[in-house]
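The values are calculated or read from the model by the stated rules, or taken from the named source; none is laboratory data. The structure displayed is predicted, hence computed values, not measured ones. Glycine gets a Cβ as well: all are built from the backbone with ideal geometry, and neighbour counts include every protein chain shown. Only protein heavy atoms, including side chains, enter the accessible area calculation; ligands, DNA and RNA are left aside. Shrake-Rupley method; radii C 1.70, N 1.55, O 1.52, S 1.80 Å.
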Amino acid sequence: MVVSQGYINNLGGEKIGETCSALIEEGCRAFILNLAGSPVVNSIGISILIEIIEKVLELRGRIAFCHLTPTVGKTFKIMGLLQYAECFASEEEAVGAFAAAGQPQ
Amino acid sequence: MNTADESFTLRMELILGAIREMEMLAADSGDFRSRAKLLLRALLGTATVSRGMVFRYLAASGVLQPHVSSNCTLPKSAPRMPDELVSAWLQTGAPVLFGDLTNPAGAWAVRESDLFPCGDSRVLFPMIAQAHFVGIVVLGPKFMNTQFTREDMNTISLLLRPLTMAYFSNELLRTSRQTLFQLRRKVLELETLGEVGRSIISLREAEHLQFEILMRASSILDASHGALLLRAAADAPLEISAVFGFEQEGDEPVNFKDFLKSVQQGVTERSQVLAGGIHRDERILAVPIFAEERNLGLLCVANKETRTGHIPFSTEDENLLVSFASLVAVALENAQLHLAALEKERIEKEIDVAARIQRGLLPAELPSIPGYLSQAFTQPCRTIGGDFYDCIELGSGRFAFVIADVAGKSIPAALLVSTLHAALHTLRDELVNPSLVSTRLNEVICQSASEAKYITMVLLVLDANNHRLQALNAGHNPPFILGPGDSIQPIPAGGIPFGLFHGMHYEIFETDFHPGMSIVAYTDGVVETRTPSGEEFGTDRLIRFFGQADGCSSVLPSRILRHLSEFRQSSAQEDDITFLRIQRLLIENN
C-alpha cells in the first residue's frame, strides 16, 4: 500500500516512483496506490505513474489505484492509465480484491 | 564434403541460428534495455567480437545517446551527430573503419574518439531501417585482435538486422506513445475547460470555484505553483484570492513570490501587466481577467515542469491560460449576479411581508352605522403603498374615519403608515377632539425617524347619533361634501401635512350631516390619474362621478377603479389610489 499526499507533479511523482522502486527491490509485486490525499496531478506526474505501471506489469505484477477524486479518475481514464491499472473506490475494496486473488501487498 | 566446406556450413548454421534467436528476442516483450543488451551480446558472440556498444539516434535533437554496451563502459555524454553525416550514411549504409579518414564518418569518429573506448580496431555500423537512421553500433577488436574481413562485415551486417529492427520498433513505439500522450493531453485540456464551464453554470460557491479553476489551470499547464489575484473594486489594488502549490516542500519557484508582491503593491515595473497586459518570462506566466472590459484581476502560474527541470511557458500555454482566465471572469460575474438575485429575492420577500402587515393594518370591513353607508378602498401601485385608511369606533355613536397619504414609496412609506396607525389607536380616546389630537399626531410624526418625512391626512369624526361631522384636513387633497341637493362644498386644509414642523395647530371644519349628504375623501392618486397624452382625471370628473354614482351600490369601489382604468387607457398606474365615502341615507336602516 502506497499512500500519497499532495500534488502529484515532478516532485511528488518522483517520491511515489522511488517508494515503488524500493518496494520492487524488496520483492513486492502487488501495489495499491491510495490517492485520497492527492486531488491534483499534472502530466509529469502521470508520466511517472505510467512508468510505475509499466514496471510492475513487466514483472507480471498487479497495480491498482483507490480513493481517486472524480477529477483525477477522469484524468486517468482520459490519459489511458486505467486501461492497465485497476481502480477501486476505497482501500478496503482494493485490499479485498487483491486478497481474493491471493496477492499480498 | 571437405573440412573447409564443413566449417563454412557449420558457421552458416550458427549465424542463421543466431539470427533466428535474435529475431525472436527482438519480437519479445519486456524491458527493452535488457533485450537490447542480449541482442548485442548475441551479435558480438556470433561475430567473435570482444566488446561493443550501441548508440541510439534521437532524431529530434540529433544526439547519439549511449544505450547498451558489452565488456566496456558506456560514455557519460552523448555526441551530436552532424546532419550531413546522417544523410551520407543513409545513402551508403556502409560500415566505416575508425582509421579511415577519407570517410567523413571515420574522421568524425576519430574526433569523438573519447566516446568510443573500445580499443584500437574499431568499426562503426549504421543502423538504418526503412530509410530512417536509428543509431550506430560500435564494435571493438575481434577475438584475439584479428582483422575484420569482408566476410566478417557481411556476417555482422546480417546479424545487425534484428538488432536494428528492435531499435526501430522501439523508437516507433516510443514516438507513437508520445504522440498518443500529447493527444490525450489535448483531450484532457478540452475536457477540463468544459468541466470547469459546467461547474460555473451550476453556480457553485465562488471561492471554492476560484481555487478549483486555479488548481486545474496549474496542473494542465504542468505548473508547480499558481496564484489568483482579484480586485475588490474597479481601481482597487490586486489582492491574493487563492494560491496553489505552496504547501508542497521544495521546488519553490524562483521570483514568483516577489512577482506576486510587486503586482499587489502596484510597482512601476508591473504597470504593463496591471494595465491588462500579459506577462511571460522564463518561469512565470500571468494573464489578466477581463469581464466586459473591466479588469478584475490576474491569473498566474509558475515553473513549467519537465522530467528533467523547467521550461518556459509557450504561446499555446498562454492561450490556454487566457481561456481559464475568462472562465474565472464568468464565475465571478455569475457569483455576483447570484448574490444580487438572492438579495433581490430577500428584499422581495421582506416587501411581501411588509405588504401583508400593511394590508393587515387596514380594517377588514368598515363598521355598520345605522342610517349611514360608508365605503373605502385602496389600490397601491406597487406591492407596498403609502396610502392608508381606517375607521375607529369611539363609542357613543361616534366614529373616526381616516384617510392618509404618506410622501414617498415602498418600505419607508410603509413604516410611517404603521407609525400613524399605532398613533391613531393609541390616541383613540382623544380622537373625539380633532383639534387637540391633530397637534399630538403631528408631534408623533415629526419625531418618527422615517425617510418619508410627512403625511397628508383627513380625519372625519362622525357623530351618528347627533348627525354632526367634524373634519380635519392636514394638507390633504380637499375632501368634498355632496349635498344636500346639488351643492358641492370642499373642505379646505386646516393646516400643513403632519411631520414637517413641530408645534402646529390645525383648524377644524364642522357641519351637520343631513340625509342624502355624502362626504368623499380621496388621495391624489385618484385625481392625478393621467391619460397617455398627460390629461389628468381631476377633481371635477371625480365630483361628477360621485354625483352620478348610485350611493347604495356595493360595487362602487370596482366601478371607480374601472372608470379610472378606462380613463388611463394604456398608461400604468403611477400612484396609490384610495378613496373613502360616507353617506347619510335618506331612509335609515337599522
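Quick look at the values:
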read-out	value
So B:Glu84, is it exposed (fewer than 13 other Cβ atoms within 10 Å of the Cβ), in a helix (DSSP H, G or I) and modelled with pLDDT of 80 or more	yes
Count of the stretch B:163-194 residues which are more than 11 Å from chain A (Cβ to nearest Cβ) and surrounded by 15 or more Cβ atoms within 10 Å (Cβ to Cβ)	10
Residue tally, condition at pLDDT 90 or above and among the basic types (Lys, Arg), over the stretch B:263-282	1
Flag if B:Leu124 is within 14 Å of B:Ala94 (Cα to Cα) and open to solvent by less than 60 Å² (accessible area, probe 1.4 Å)	yes
Criterion violated by A:Thr75 - all others in (1) away from every other protein chain (no Cβ under 14 Å); (2) touching a helix residue (DSSP H, G or I) at 6+ places or on another chain (Cβ under 7 Å) satisfied	(1)
Residue satisfying all of: in the stretch B:195-242; within 14 Å of chain A (Cβ to nearest Cβ) and among the acidic types (Asp, Glu); least open to solvent (accessible area, probe 1.4 Å) among these	B:Asp222
Subset of the stretch B:50-61 (residues that are surrounded by fewer than 16 Cβ atoms within 10 Å (Cβ to Cβ) and not hydrophobic (A, V, I, L, M, F, W, C))	B:Ser61
Subset tally (residues that are free of Cβ contacts under 8 Å to residues at least 24 places away in the same chain and either open to solvent by 90 Å² or more (accessible area, probe 1.4 Å) or touching a strand residue (DSSP E or B) at 6+ places or on another chain (Cβ under 8 Å) (or both)) for the stretch B:1-37	10
Single residue of A:Ala94, A:Ala100 found to be open to solvent by less than 20 Å² (accessible area, probe 1.4 Å) and farther than 22 Å from B:Leu214 by Cα	A:Ala94
Residue match in the stretch B:437-449 (condition: modelled with pLDDT under 90 and more than 16 Å from B:Ala422 (Cα to Cα))	no
All positions within the stretch B:289-303 that are open to solvent by 20 Å² or more (accessible area, probe 1.4 Å) and out of contact with any Pro (no Cβ under 7 Å at 6 or more places or on another chain)	B:Phe290, B:Glu292, B:Glu293, B:Arg294, B:Leu296
Unmet requirement for B:Tyr57, which otherwise passes all of (1) in a helix (DSSP H, G or I); (2) of a type in the set (Phe, Trp, Tyr); (3) within 21 Å of B:Val123 (Cβ to Cβ)	(1)
Meets criteria (under 14 Å from A:Gly13 (Cα atoms), within 12 Å of chain B (Cβ to nearest Cβ), assigned to a helix (DSSP H, G or I) and open to solvent by less than 30 Å² (accessible area, probe 1.4 Å)) for A:Ile44	yes
Meets criteria (in a helix (DSSP H, G or I), at the interface with another protein chain (Cβ under 10 Å from one of its Cβ atoms) and open to solvent by 40 Å² or more (accessible area, probe 1.4 Å)) for A:Glu54	yes
From B:Leu320, B:Leu327, residue being of a type in the set (A, V, I, L, M), closer than 30 Å to A:Ile46 by Cβ and touching an Asp or Glu at 6+ places or on another chain (Cβ under 8 Å)	B:Leu320
One residue from B:Ala78, B:Ala47 being surrounded by 13 or more Cβ atoms within 10 Å (Cβ to Cβ), more than 54 Å from the chain's Cα centre (by Cα) and away from chain A (no Cβ under 14 Å)	B:Ala47
